[in-house]
Amino acid sequence: MESILITGANRGLGLELLKVFNSNAFFTFPVVRTEESAETIRAQFPYNCRPIVADLSEDKSINSIKLILENSTESLDVVINNAGISGSEYLIETLGTAEVNNLFNIHCLGPIRTVQACLPQLKRSNNPRIINVSSRLGSLTRMASGEFKDRGFSYSYRMAKAAQNMFTICLGQEVKRFNITVCAIHPGELLTRGRSTDANTDPSIAAENIYEWIGTIDINSSGLFVQPLVQDMPW
Ligand SMILES: NC(=O)c1ccc[n+]([C@@H]2O[C@H](COP(=O)([O-])OP(=O)(O)OC[C@H]3O[C@@H](n4cnc5c(N)ncnc54)[C@H](OP(=O)(O)O)[C@@H]3O)[C@@H](O)[C@H]2O)c1
């Protein structure tokens, strides 16, 4: 049985990913922030599911994840770094550095913490894959083209996703020696709580696409930035 760890799995895209992987015979490790969310997930997914409670904004989440994986599985096939938060300030005059710090903490340090916790088990998989859920708004190429100019997208989100993309590239090049594939994805404009004004896609459709695409990738795909089954993304 293949296994997957998904962060931010109690709602939005993460919950849809949990549904599709769990129903397709993956052993699932959803990472959620509260015991209450873990309890709800246990009730909804009684089989092949082991929730992990960890706040990815803190370093202690590394050990929380590590401990459960050590006690539950020899290997881990897929990690999806999905947890995220939105920013709000889009004018330099009103931009607070605390918001930028928060966004970098979740979108960049969160995936670093998760990967550090999962590395021992990933190394024992036959086809280990790390997928970082990025965004079209993290694409320097698309941002520089002016495509998103005057749309009111926050500094913090765009900066944090661009930095997360750099993490994806650096990590992919480093862990190739362990045969670990690392890719970034844009999931689409989703009808979730963290939606943009042009949201048009049910997260269950994005999750199905991501599931199918993940089944097709291996080390030769490392370094890709794509919207799964829809389009290649420019870095
Ligand atoms: N929605 C879109 O159109 C869109 C487009 C491009 C990219 N994305 C990216 O796709 C991913 C999922 O987005 P979404 O729209 O599904 O978001 P969402 O509905 O707002 O869900 C975000 C998830 O992240 C979790 N989370 C936030 N902070 C956390 C922390 N410190 N520790 C652990 N978990 C934490 C939340 O848990 P709680 O319930 O506990 O808060 C929640 O489960 C994000 O990375 C987002 O940036 C979304």
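The values are calculated or read from the model by the stated rules, or taken from the named source; none is laboratory data. Here the structure is a predicted model, which means the values were calculated and not measured. In this analysis, Cβ positions are derived from the backbone assuming ideal geometry, glycine residues included, and neighbour counts consider all displayed protein chains. We work out accessible area using only protein heavy atoms, side chains counted, and drop any ligands, DNA or RNA first. Shrake-Rupley method; radii C 1.70, N 1.55, O 1.52, S 1.80 Å.
Of note:
- The range 116-235 shape via C-alpha gyration tensor axes, a/c threshold 1.5: prolate
- Contact order relative to length of the range 77-208, as percent, for alpha carbon pairs under 8 angstrom and 6 or more apart: 29 percent
- Gyration tensor (alpha-carbon) shape descriptor, the range 78-138, a/c threshold 1.5: prolate
- Qualifying lysines (Cα of each under 25 Å from Cα of Lys176; at least 8 residues distant if same chain): Lys66, Lys123, Lys161
- Considering only Lys19, Lys60, Lys123, the Gaussian network model of the chain with Cα springs below 10 Å gives its largest mean-square fluctuation to Lys60.
- Magnitude of the charge dipole, the range 3-232, Cβ model with Lys/Arg +1 and Asp/Glu -1, debye to 20: 360 debye
- Tilt relative to the chain, helix 155-175 - C-alpha long axis, 0 to 90 degrees, to 10: 40 degrees
- Applying the criteria of a DSSP loop state and at most 16 other Cβ atoms within 10 Å to the GluC sites (Glu not before Pro) of the range 62-159 yields Glu74, Glu89, Glu93, Glu147.
- Top of Gly12, Gly87, Gly152 by mean-square fluctuation, Gaussian network on the chain, Cα under 10 Å: Gly152
- Accessible area per residue, Å², the range 3-232 with all protein chains present, probe 1.4 Å: 47 Å²
- Sorted into 10 angstrom bins from 0, the C-alpha pair distances of the range 19-136 split as 12, 40, 32, 11, 4, 0 percent.
- Evaluated at q = 0.07 Å⁻¹: base-10 log I(q)/I(0), Debye formula over Cα of the range 3-232: -0.20
- Here the range 98-179 is treated with +1 on each Lys and Arg Cβ and -1 on each Asp and Glu Cβ, and its dipole about the Cα centre works out to around 320 debye.
- Taking the chain as a Gaussian network of alpha-carbon nodes connected by springs under 10 Å, the highest mean-square fluctuation of the residues Arg11, Arg158, Arg193 belongs to Arg193.
- Note on the range 152-235: with charges restricted to the Cβ of Lys and Arg (+1) and Asp and Glu (-1), its dipole about the Cα centre is near 360 debye.
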